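Since every read-out is calculated from the coordinates, none of them should be taken as a lab result. All values reported here derive from a predicted model rather than from experimental measurement. Quick reminder, even Gly has a Cβ in these numbers, built from the backbone with ideal geometry, and neighbours come from all protein chains shown.
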Amino acid sequence: MGAWSPWENSNYCWVVICKNVKAHRQVNVNAGHKIALGETDAFESPPTMNGSFLVRCNDCDKEYSYEAGEVLRHELELPASFMPHPLFR
């Protein structure tokens with residue numbers, strides 16, 4: 001039996017947390033609703049961004065402005081129909 005590795009078969013993506021707290025408060029109060037931006041791996045650096053960028057939530061359909069510091073790496077299984085944000089293609 002091989003050793004377990006956290007990087008094997010893991011699907012990582014860049015996410016931001018939706019700022020529409022009222023719409024997502026039932027989902028997970030502590031973690032918030034994550035909006036997937038693009039696929040990545042466990043080691044890749046986030047894309048270089050200057051200024052803010054807009055992201056529309058796939059759940060509540062609200063659009064908010066985010067800064068580079070709000071982008072997080074998260075392990076998440078993306079649906080086959082996932083379309084990455086233009087900055088993360």
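Charge tally for Lys22 (other residues, Cβ to Cβ under 15 Å; Lys, Arg +1; Asp, Glu -1): +1. Over all pairs of different C-alpha atoms, segment 40-89 has a mean inverse distance whose reciprocal, the Kirkwood radius, equals 12.5 Å.
Pull out the extension gain between Glu70 and Met83, defined as 0.36 nm times the separation in residues minus the alpha carbon to alpha carbon distance; nm, one decimal.
Working: separation 13, 0.36 × 13 = 4.68 nm, distance 1.98 nm.
Contour length minus Cα-Cα distance gives 2.7 nm.
Using +1 on the beta carbon of Lys and Arg, -1 on that of Asp and Glu, and nothing else charged, what's the dipole of segment 12-77 about the Cα centre, debye to 20? Show your work: numbers first, answer last.
Working: 7 positive and 10 negative charges, 83 e Å.
The calculation lands at about 400 debye.
Within the chain, the percentage of alpha carbon pairs spaced more than 20 angstrom apart rounds to 38%.
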